[in-house]
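Peer 1: Here you go, one structure.
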Amino acid sequence: MSFSNTLKEKAGKVWEDCYEHPFLQELGKGTLEKEKFKFYLLQDYRYLIEYAKVFAAGSIKCDEEKYMTKFSGVQHNILYDEMDIHRKYMADFGITEKEAEDTVQSLFSKAYTSNMLATAYSGTTADIIAVVFPCAWSYHDYAKRLKQSYGDIPEDNFYKKWIDTYASEEFGESFSWFYEYLDLLCENKTEKELKKIEDIFRTSIEFEFLFWDMAYRMKMSY
Ligand SMILES: Cc1ncc(C[n+]2csc(CCO)c2C)c(N)n1
């Protein structure tokens, strides 16, 4: 198994704790309270703006033209495609773009994106891939498993679009270069350096747990 593929196992229990979180399980069943999803949506919209900046940093630090294009492509996809899912759900809720832009980032979300941006500014391209990797990989993994657990998501599940988008093969393809590029960058790293990459990866998935939990409890702060 390649180094990148081992990271999920190495991250340990927290990966499964996210999947088992009531926010995701209720989303799969379609029973999640809409107020909770609305809270998530607005926080996630703000989160994605900060997250997109991490890819710009990746692009600046990247020496290979091929991957530089990939970094800037993901930034574009976040701002246009991914945030479009949010805009569609926001329209259902009657939320204006101005309201979304004016949303204050919660304490947990700020901590998460500050950690990502600190890594992006001070780290290497391998560190940058490691810090964003769990976001894409875990969403794809969880959405696919929700589909398996709850069967094909029925039309009347309000969260169908969300689940189907992240579970799609197209979405899986969009970040397959994370595995390839991280493995390439890690080829000659020492044990100590690899351990650092594992720590960065695990910290992000731990923040993912806090993000689900924050949304479920609709908590802005401690
Ligand atoms: C808190 C939070 N974590 C992860 C994602 C998922 N996500 C964000 S950008 C992107 C595409 C490229 O990595 C994906 C899958 C999210 N929306 N919100």
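Values in this text are rule-based calculations from the coordinates and carry no lab data. Since the model is a prediction, treat every value here as computed from it, not as a measurement. Backbone-built Cβ (ideal geometry, glycine too); neighbour counts: all protein chains shown.
Peer 1: Rounded to whole Å, give me the distance from the Cα center of segment 163-214 to that of segment 1-42.
Peer 2: The distance from the Cα centre of segment 163-214 to that of segment 1-42 comes to 14 Å.
Peer 1: Using r as the Cβ-Cβ distance of T124 and M1, and R0 as 25 Å, what FRET efficiency do you calculate, to the nearest 0.05?
Peer 2: 0.65
Peer 1: While we're here: Return the single residue from T103, T165, T119 with maximal mean-square fluctuation; model: Gaussian network over the chain, springs between Cα atoms under 10 Å.
Peer 2: Greatest mean-square fluctuation among the candidates belongs to T103.
Peer 1: Once label points are set 7 Å from the Cα along Cα→Cβ at both T69 and Y222, what is their separation, rounded to one decimal in nm?
Peer 2: Using points 7 Å along Cα→Cβ, the separation is 4.9 nm.
Peer 1: Given a cut-off of 26 Å, name the pairs among K29/K98; K66/K160; K13/K110 whose C-alpha atoms lie farther apart than that in the structure shown.
Peer 2: K29/K98; K66/K160
Peer 1: Could you tell me the relative contact order of segment 3-217? Use alpha-carbon pairs under 8 Å, at least six residues apart, and round to a whole percent.
Peer 2: Relative CO of segment 3-217 lands at 35 percent.
Peer 1: Just check segment 92-168 against the gyration tensor rule for me: Cα atoms, a ≥ b ≥ c as the square roots of the eigenvalues, rounded for a/c under 1.5, and otherwise prolate or oblate depending on whether a/b exceeds b/c.
Peer 2: Cα axes put segment 92-168 in the oblate bin.
Peer 1: Any idea what the relative contact order of segment 14-127 is, in percent, if you count C-alpha pairs under 8 Å spaced at least 6 apart?
Peer 2: 35 percent
Peer 1: Normalise the Debye intensity by I(0) for the chain, one equal point scatterer per Cα, no solvent, then take log10 at q = 0.15 Å⁻¹ and round to two decimals.
Peer 2: Debye curve over Cα of the chain, log10 I(q)/I(0) at q = 0.15 Å⁻¹: -1.02.
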